[in-house]
Amino acid sequence: MPAYAAKRFAVALLVLFVVSVLTFTFTNVAVDPAIAIAGEGATDAQIERLRREYGFDRPLYVQYGEWLSGTLAGDFGTSIRQRRPVLTMLAEKFPVTATVGGLALILAFVVAVPLGMVAALRPNSWIDRFALGFAVVGMAMPTFWFGLVLIIVFGVTLHWLPVSGTGTAAHFVMPSIALSYYSIPIIMRLTRAGMIDVMASDYIRTARAKGLLPRTVLFKHALRNAVIPVVAVAAVQFGHLLAGSVVVESVFALHGIGYMAWEALHAADLPVIQAVVVVLAGFYILLVFLSDLLNAFLDPRIRIA
Amino acid sequence: MTALLEVDGLSVTFPATAGDFRPVRDVSFSVDRGETLCIVGESGCGKSLTALALMGLLPKWARRDARRLELQGRDLVGLTERQLADIRGRRMSMVFQEPMTSLNPAYTVGEQLSETYRRHYLSRRGVARDRAIYLLETVGITAAASRLRQYPHQLSGGLRQRVMIAMALICEPNLIIADEPTTALDVTIQAQILHLLSALQKRFGMGMVLITHDLGIVARVATRVAVMYAGQIVETGTVDEVFANPLHPYTQALLRCIPVPGRVKRGEHLGSIPGAVPTLMGDLGGCHFRNRCAYAHAACAPDPILMNEVTPGRGYRCVVPAAICAARGHGAAA
Ligand SMILES: Nc1ncnc2c1ncn2[C@@H]1O[C@H](COP(=O)(O)OP(=O)(O)OP(=O)(O)O)[C@@H](O)[C@H]1O
Ligand SMILES: [Mg+2]
């Protein structure tokens, strides 16, 4: 297990490094930082002066090295627009996004796994059909639209929940629900497929032949194997959730990373864009790493080669 | 005193709109303590489904019917799933055809063994663990204590089948059903596993139902034989009776297919049975073997052929009188 973990960790670091190189390169190619800083109406001479002043005239790899050593030391630079350290901005916004994303993922699992299980145990029953319908609607419905429906029903009409902001725990309810619905279909269908497969397997027949009680067969022998493929996609799903977070944050006026990225993109605020991409990528890579570990824990065939 | 296992009129049906699929039809046999009944027959004749029907492990959509299905005088037909679960693994257990996939990949060998014991005898973990070690040693696995920590994927097929056998025996059942336990294994391992099963069956005084399509195995381990063809038992009797004096034309043809040292002359062709097994849909009307039988005539259809009891425990499913059948058998074997 330690060897496996070390290997996965090395891979994760490598991926993160590649991502940072690509991010830095592409953002610098897409946006001329000197022009972005100078703002509209600056003369060529002014831009040229800025370029030299900030060192943008040096080769890209030198700039990357500088940026990387800063980043590793926890210094993401200064926002061009807000003239504040990017790290401070991240520290403000990240918890909001992480809360919404985390709650959404938990909610998605809590709803989707049991629903997928029940659907698998009673294929073609009314509950299976209901689950399928639920999944199809979830896949077809855009997140922003679902968010708006929630706002109209529970915020405007029923006055149960606040419609925007981050003041209280209640503020996070609707955004999390809106975001989770995006992941429910895939997790549910995977659980269902995994469960149907596993229930038809020889070792489940063995478990029954040993006289084990139905609940032991189901929860100990079947579920454990059925969730292995689900765990593998969970991290990927969380990545999607972070992406979907941009939409949800703007619908519910939450000031999270997504909102910050959206602002930065409009302002061509290079240090902020780079930091957001790298932090989200890093977070995503970390989750993939954790799900690899969890999978290895669940499946001894991965753990013990 | 009744036999350990009594099966009378067992049928398995898969209902379908296009016509019911009936892979097991009116199967009857009994097994006593200390006895090995071998069920032989071609692939697809319904051997595995018969075994699964006994264990109550048929797929949900299958229907099981039986006039009588008793283990130690206890009726198995009307049992709830919970009552059946109390019997499975403790009174009767089963070893499957596929050792590679029959163990749960997520749990250690030790866990899978001892959970079986703890399920039926509410014992402490330490006791169940000792029991697991004892059983692994019994089935001839060395370094048993360290094997407990291993996962199925770390074991060879032969070892996994030994583990399956240990698991089936851990609660000392009265009946063990082994469904082609060696088919998936190397030839050299096959003999070892069979010897083991047969020795353990004697040692524990169990009744055993051994399913196989290898007549060589039957000759070595069986007390009694049931020959299956297309969902029916076509002949039963002791090994000696069936091998020395086969009555049903199918049994005779089957025996002609295996080389017997001394009986097969050099250069003589081994027999093979021409024709195809009928599809087991709906009512087949008459003898199932008639399209392949060398002696088929008008009386073989359309009425169902019943089992003729020659003596108790000795029967065959054919319209021709036993004496004539026997003469044909000897003619064929000579
Ligand atoms: N779950 C099932 N659903 C539908 N048909 C099945 C099912 N299991 C088996 N059958 C069919 O029933 C017939 C008898 O199957 P069974 O497995 O009992 O044969 P068998 O005698 O054990 O053969 P083998 O020697 O190949 O193991 C076959 O035609 C098989 O295809
Ligand atoms: Mg079979």
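Kindly indicate the residue of region B:63-78 that is open to solvent by 20 Å² or more (accessible area, probe 1.4 Å) and assigned to a loop (DSSP other than H, G, I, E, B) and also nearest to ligand 1 (Cβ to nearest atom) among those meeting that condition. Lay out the reasoning, then the answer.
Residues of region B:63-78 that are open to solvent by 20 Å² or more (accessible area, probe 1.4 Å), as a first pass: B:63-68, B:70, B:72-75, B:77-78.
Those still in the list that are assigned to a loop (DSSP other than H, G, I, E, B) too: B:66-67, B:72-73, B:77-78.
On the way: B:66: 16, B:67: 20, B:72: 25, B:73: 27, B:77: 20, B:78: 23 Å.
Out of the qualifying residues, it is B:66.
Residues in region A:250-305 that are hydrophobic (A, V, I, L, M, F, W, C) and within 14 Å of another protein chain (Cβ to nearest Cβ) were compared, and the one that is nearest to residue A:70 (Cα to Cα) is A:294.
Okay, residues lined up against (1) more than 23 Å from residue B:287 (Cα to Cα); (2) within 14 Å of chain A (Cβ to nearest Cβ); (3) open to solvent by less than 10 Å² (accessible area, probe 1.4 Å); (4) more than 16 Å from ligand 1 (Cβ to nearest atom):
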| site | (1), (2), (3), (4) |
| --- | --- |
| B:210 | yes, no, yes, no |
| B:213 | no, no, no, no |
| B:226 | no, no, yes, no |
| B:239 | yes, no, no, yes |
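If the condition is being of a type in the set (S, T, N, Q), within 30 Å of residue B:35 (Cβ to Cβ) and more than 13 Å from chain A (Cβ to nearest Cβ), then region B:124-176 contributes B:138, B:174. If the condition is being open to solvent by less than 40 Å² (accessible area, probe 1.4 Å) and of a type in the set (Ser, Thr, Tyr), then region B:164-194 contributes only B:182.
Just so you know, in region B:38-48 the residues that are surrounded by fewer than 22 Cβ atoms within 10 Å (Cβ to Cβ) and of a type outside the set (D, E, K, R) include one that is farthest from residue A:124 (Cα to Cα), and it is B:43. If the condition is being more than 7 Å from every other protein chain (Cβ to nearest Cβ) and open to solvent by less than 10 Å² (accessible area, probe 1.4 Å), then region B:88-100 contributes B:92, B:95, B:99.
Can you tell me which of B:112, B:83, B:97 is within 16 Å of ligand 1 (Cβ to nearest atom) and either within 27 Å of residue B:151 (Cα to Cα) or of a type in the set (S, T, N, Q) (or both)?
Details: B:112 fails: within 16 Å of ligand 1 (Cβ to nearest atom); B:83 fails: within 16 Å of ligand 1 (Cβ to nearest atom).
None of the others qualify; the one that does is B:97.
Here residue A:224 does not fit the description of being under 28 Å from residue A:14 (Cα atoms) and basic (Lys, Arg).
Looking at the structure I just gave you, is residue B:58 within 13 Å of chain A (Cβ to nearest Cβ), without any contact (Cβ under 8 Å) to a residue 60 or more places away in the chain and away from ligand 1 (no atom under 16 Å from the Cβ)? Even if it seems obvious, please write down each step before you answer.
Working: within 13 Å of chain A (Cβ to nearest Cβ): yes; without any contact (Cβ under 8 Å) to a residue 60 or more places away in the chain: yes; away from ligand 1 (no atom under 16 Å from the Cβ): no.
No.
Residues of region B:272-282 that are more than 16 Å from ligand 2 (Cβ to nearest atom), assigned to a loop (DSSP other than H, G, I, E, B) and either on the phi > 0 side of the Ramachandran plot or modelled with pLDDT of 85 or more (or both): B:275, B:278, B:279, B:282. Within region B:37-55, at least one residue is within 14 Å of chain A (Cβ to nearest Cβ), more than 30 Å from residue B:253 (Cα to Cα) and not in a strand (DSSP E or B).
Counting only residues that are more than 7 Å from chain A (Cβ to nearest Cβ) and of a type in the set (Val, Ile, Thr), which one in region B:101-110 is surrounded by the fewest Cβ atoms within 10 Å (Cβ to Cβ)? Spell out the reasoning first.
From region B:101-110, those more than 7 Å from chain A (Cβ to nearest Cβ) are B:107-110; that's our starting set.
This time we only want the ones that are of a type in the set (Val, Ile, Thr), so: B:108-109.
On the way: B:108: 18, B:109: 25.
Result: B:108.
For region A:195-224, a residue qualifies if it is more than 29 Å from residue B:173 (Cα to Cα) and either open to solvent by 10 Å² or more (accessible area, probe 1.4 Å) or free of Cβ contacts under 8 Å to residues at least 60 places away in the same chain (or both), and the qualifying residues are A:196, A:197.
If you check B:36, B:50 for being within 16 Å of ligand 2 (Cβ to nearest atom) and within 29 Å of residue B:219 (Cα to Cα), only one passes: B:50. May I ask you to verify whether residue B:85 is assigned to a helix (DSSP H, G or I), within 14 Å of chain A (Cβ to nearest Cβ) and more than 16 Å from ligand 2 (Cβ to nearest atom)? Criteria met by residue B:85.
Just to be sure before I move on: is residue B:119 away from every other protein chain (no Cβ under 14 Å), in contact (Cβ under 8 Å) with a residue 12 or more places away in the chain and among the basic types (Lys, Arg) in the structure I sent? Here the answer is no, as residue B:119 does not meet what is asked.
Quick grid of which residues meet (1) over 21 Å from residue B:91 (Cβ atoms); (2) of a type in the set (Gly, Ala, Ser); (3) within 16 Å of ligand 2 (Cβ to nearest atom):
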| site | (1), (2), (3) |
| --- | --- |
| B:144 | yes, yes, no |
| B:170 | no, no, no |
| B:178 | no, yes, yes |
| B:182 | yes, no, yes |
| B:219 | yes, yes, no |
| B:222 | yes, yes, no |
| B:226 | yes, yes, yes |
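The condition (being touching a helix residue (DSSP H, G or I) at 6+ places or on another chain (Cβ under 6 Å) and in contact (Cβ under 8 Å) with a residue 60 or more places away in the chain) is satisfied by just one residue among B:148, B:185: B:185.
Answer yes or no: is there a residue in region B:179-190 that is more than 16 Å from ligand 1 (Cβ to nearest atom), at pLDDT 90 or above, within 14 Å of chain A (Cβ to nearest Cβ) and more than 27 Å from residue B:318 (Cβ to Cβ). Outline the logic, then answer.
Within region B:179-190, the first condition is being more than 16 Å from ligand 1 (Cβ to nearest atom), and the residues that meet it are B:186-189.
Narrowing the set further to residues that are at pLDDT 90 or above leaves none.
No, region B:179-190 has no match at all.
Being open to solvent by less than 10 Å² (accessible area, probe 1.4 Å), in contact with a helix residue (DSSP H, G or I) (Cβ under 9 Å, 6 or more places away or on another chain) and away from chain A (no Cβ under 12 Å) is not true of residue B:113. Just wondering, is there one or more residues in region B:11-20 that are over 13 Å from the mean Cα position of the chain (by Cα), part of a loop (DSSP other than H, G, I, E, B) and among the acidic types (Asp, Glu)? The answer is yes; a qualifying residue exists.
Of all residue pairs spaced 6 or more apart or on separate chains, those with beta-carbon atoms under 6 Å, a first member in region A:240-258 that is within 19 Å of residue A:88 (Cβ to Cβ) and a second member that is β-branched (Val, Ile, Thr) and not in a helix (DSSP H, G or I) are A:254/A:166.
So for region A:202-216 (the condition being touching a Gly at 6+ places or on another chain (Cβ under 6 Å) and closer than 30 Å to residue B:91 by Cα), does at least one residue qualify?
Yes, some residue in region A:202-216 is touching a Gly at 6+ places or on another chain (Cβ under 6 Å) and closer than 30 Å to residue B:91 by Cα.
Among the numbered conditions (1) among the β-branched types (Val, Ile, Thr); (2) in contact with a strand residue (DSSP E or B) (Cβ under 8 Å, 6 or more places away or on another chain); (3) within 30 Å of residue A:179 (Cα to Cα), the only one that residue A:19 does not meet is (2).
The values are calculated or read from the model by the stated rules, or taken from the named source; none is laboratory data. Keep in mind the model is a prediction, meaning the values are calculated, not measured. Virtual Cβ from ideal backbone geometry, glycine too; neighbours counted across all protein chains shown. Note: accessible area is taken over every heavy atom of the protein model, side chains too, but ligands, DNA and RNA are not part of it. Shrake-Rupley method; radii C 1.70, N 1.55, O 1.52, S 1.80 Å.
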